[in-house]
Amino acid sequence: SYMSARWRLLRWLPWLMLGCVAAAPTASAQSVERGLPLVVNYSPDDYGADTQNWAAVQDLRGVLYVANNLGVLEFDGVQWRLIRIGANLAARSLAVDAGGRIYVGAFGDFGALHPDTAGRLRFQSLAAEARLDMATVGDVITSGIAAGGVVFQSTKGIFVWRDGRLIVHRPETSFSAGVIVGESLFVRQRDRGLFEYTRD
């Protein structure tokens, strides 16, 4: 009868509506994705270098630089380029100053990226300029702008490039990885404790 058919429809209507609601994307589900940044993962095959990356900085133009076991990767948002460090040294730490200059700490070397005559960035060693060899430099695991200059820190020393000259501080034992906070470098020296290095 008409009433029994109507009753059956009313009895199943909530279930039908629930199925339609579940199948249709809701406004709240759509709004969850709205405004989120697009995430893109790049594999070593994409950037054409080693699997291990140590640090990343961005210059004033928005170009990304990544410290990689084969050198410094430069990424402009479209194309990757590898900048070799010395005799194919591993880049371990990076820093960028207020003018946008990129500084590189490497395994046994440290320096800065400078444009060549074609405008492509090339590594220039500050350690070689100061006549320091790989054995006396060590693994430069921390780089940053502090203490009135550019600080490069390895297990074997703190090297500060300030006013066109290099200042070297050697540990009594050895340094662990440091961290730069404001204008200071905080670093642990084995068997001695925690030290704060400031301008003087």
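Residue by residue, here is whether (1) of a type outside the set (S, T, N, Q); (2) free of Cβ contacts under 8 Å to residues at least 40 places away in the same chain holds:
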{"residue": "VAL39", "(1), (2)": "yes, yes"}
{"residue": "TYR42", "(1), (2)": "yes, yes"}
{"residue": "ASN53", "(1), (2)": "no, yes"}
{"residue": "GLN58", "(1), (2)": "no, yes"}
{"residue": "LEU82", "(1), (2)": "yes, yes"}
{"residue": "ALA87", "(1), (2)": "yes, yes"}
{"residue": "ASP97", "(1), (2)": "yes, no"}
{"residue": "ASP109", "(1), (2)": "yes, yes"}
{"residue": "ALA112", "(1), (2)": "yes, yes"}
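Which pairs have Cβ atoms under 6 Å, sit 6 or more apart or on different chains, and link a residue in the range 189-200 that is farther than 15 Å from ALA146 by Cα to one that is hydrophobic (A, V, I, L, M, F, W, C) and open to solvent by less than 100 Å² (accessible area, probe 1.4 Å)?
Short answer, once both residue conditions are applied: GLN189/PHE175; GLN189/PHE195.
Considering only the range 87-109, state which residues are open to solvent by 50 Å² or more (accessible area, probe 1.4 Å) and not charged (D, E, K, R).
ALA87, ASN88, ALA98, GLY99, PHE107, listed by residue number.
Can you tell me which of (1) within 23 Å of ALA90 (Cα to Cα); (2) in contact with a strand residue (DSSP E or B) (Cβ under 9 Å, 6 or more places away or on another chain); (3) without any contact (Cβ under 8 Å) to a residue 24 or more places away in the chain is the one THR173 doesn't meet?
(1)
Go through the range 176-200 and give me each residue that's open to solvent by less than 100 Å² (accessible area, probe 1.4 Å) and touching a Lys or Arg at 6+ places or on another chain (Cβ under 7 Å).
SER176
Can you tell me how many residues in the range 135-161 are surrounded by fewer than 24 Cβ atoms within 10 Å (Cβ to Cβ), touching a helix residue (DSSP H, G or I) at 6+ places or on another chain (Cβ under 7 Å) and assigned to a strand (DSSP E or B)?
Counting residues in the range 135-161 that are surrounded by fewer than 24 Cβ atoms within 10 Å (Cβ to Cβ), touching a helix residue (DSSP H, G or I) at 6+ places or on another chain (Cβ under 7 Å) and assigned to a strand (DSSP E or B) gives 1.
Filter the range 110-134 down to residues that are crowded, with 21+ Cβ neighbours inside 10 Å and within 21 Å of the chain's Cα centre (by Cα), then give me how many there are.
4
Among the numbered conditions (1) in a strand (DSSP E or B); (2) touching a Gly at 6+ places or on another chain (Cβ under 9 Å), tell me where LEU113 comes up short.
All conditions are met except number (2).
The values are calculated or read from the model by the stated rules, or taken from the named source; none is laboratory data. If you're wondering where the values come from, they're calculated on a predicted model, not measured in any experiment. Ideal geometry is used to build each Cβ from the backbone, glycine not excepted, and the neighbour counts take in all protein chains shown. To get the accessible areas, we keep the full protein, side chains included, count just its heavy atoms, and leave off ligands, DNA and RNA. Shrake-Rupley method; radii C 1.70, N 1.55, O 1.52, S 1.80 Å.
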